[in-house]
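Here is the structure we will look at.
The values are calculated or read from the model by the stated rules, or taken from the named source; none is laboratory data. Keep in mind it's a predicted model, so treat the numbers as computed, not measured. Neighbour counts run over all protein chains shown; Cβ positions are idealised from the backbone, glycine included. With ligands, DNA and RNA removed, areas are computed over all heavy atoms of the protein, side chains included. Shrake-Rupley method; radii C 1.70, N 1.55, O 1.52, S 1.80 Å.
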Amino acid sequence: MNTPLTSSASDSDPGSERAERGSSRDIVVDDSDLLLRLTGPGGSHLRSISTEIGVGFGLRGDTIRVEGDDPAKLALAQRVLLGLLDLLRGRSLSEHELTRAARSAKAHPEIDLREVFGQVILTTNSRRIVAPKGVAQQRYVNAIEAHDIVFGIGPAGTGKTYLAMAMAIRALREQRVRRIVLCRPAVEAGEHLGFLPGDLAEKVNPYLRPLYDAMEDMMDPDRAKALIERGTIEVAPLAFMRGRTLNDCFVIFDEAQNSTAEQMKMFLTRLGFDSKAVITGDSTQVDLHHGQLSGLRDAEQLLDGVEGIAFRYFSDVDVVRHPLVQRIVRAYDSRDAERLQARLAREEMRGDAAPRGEPYD
């Protein structure tokens with residue numbers, strides 16, 4: 001049953017300075033449970049949304065009052081709250097998810113929050129819903145549905161690997177593929193782990209831990225273990241992919257920035273009939289030896305615009321981990337951009353700017 005909602009715009013005090021510069025909007029929610037889930041304990045959810053959008057909220061009884069000096073922000077806040085109420089009728093949302101929805105609406109005023117955040121990929125065994133948490137994630141998921149090869153490129157914490165695994169598990173559940181193949185280069189992040197004991201899967205397991213973590217978050221661990229033992233979910237080290245043809249598979253190639261150009265070509269040419277491949281990576285975190293061209297960067301330049309292949313990009317705005325992760329990514333990106341500008345300025349002064357096509361640093 002739909003919850004009755006009413007909204008109105010009015011001057012809070014015609015004689016006040018606020019009334020001359022702005023106004024207030026009232027949203028009435030007649031369902032007390034829905035109102036509590038939107039506003040949060042003690043109004044904590046509203047405070048987070050208020051900070052994100054830049055308006056004030058007041059709560060009295062069943063009425064939320066939006067106040068501010070900017071009519072555009074008032075309209076945005078009203079639209080966000082109504083959209084969130086629609087979402088909350090169908091599913092629960094955490095305070096972080098509510099805040100991200102407000103952030104997405106602020107960055108993309110044209111979006112329909114129900115269309116973005118209401119798109120369910122799958123429901124886990126614990127009844128938790130896996131769904132896009134922003135515009136970039138929704139476009140990424142839609143690209144995976146529509147294309148056979150998709151590159152997801154962006155910083156850590158943006159959900160590239162997690163969503164790829166969710167799409168793979170859904171395809172397996174719906175019997176659109178027979179197997180899931182997990183692949184990742186065995187390149188250490190600046191450390192040398194030395195000899196690793198065990199069989200092939202055990203040796204590669206540390207490198208594929210993020211994929212396993214995502215899988216175990218969505219599936220019963222015993223079920224996941226049984227699928228791995230049967231080969232329905234396969235661990236395939238990049239070095240062992242040569243000569244294979246992957247038919248009827250959903251293949252995830254994680255940390256692809258640490259593949260060479262030759263390895264990337266080898267991987268992409270393994271794809272057989274009725275298969276999909278999702279390649280994820282962060283072009284700013286290459287751990288290859290200096291002078292080696294990243295296969296991910298090479299593919300960006302070479303394959304952009306090829307029919308059937310999609311590139312989807314994430315930025316620090318799309319980080320869905322701890323809020324500090326977003327600030328950390330932003331700080332590093334800013335520092336790297338300054339270094340790049342300084343290097344280009346030095347090269348220009350020397351008159352020896354790097355020729356087009358030279359490998360990245």
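Applying 1/(1 + (r/R0)^6) with R0 = 22 Å to the Cβ-Cβ distance of Leu340 and Glu110, what FRET efficiency is obtained, to the nearest 0.05? For R0 = 22 Å, the calculated efficiency reads 0.10. Element breakdown for the stretch 129-191 at a 1.4 angstrom probe: carbon and sulfur atoms account for 45% of the accessible area.
The alpha-carbon of Lys106 sits under 29 angstrom from the alpha-carbons of these lysines, leaving out residues fewer than 8 places away in its chain: Lys73, Lys133, Lys160. Take the stretch 48-193 with all the other protein chains still there, run a 1.4 Å probe, and you get 42 Å² of accessible area per residue.
Across Asp148, Asp222, Asp254, the residue with the most accessible area heads the list, and the full order at a 1.4 Å probe is Asp222, Asp148, Asp254.
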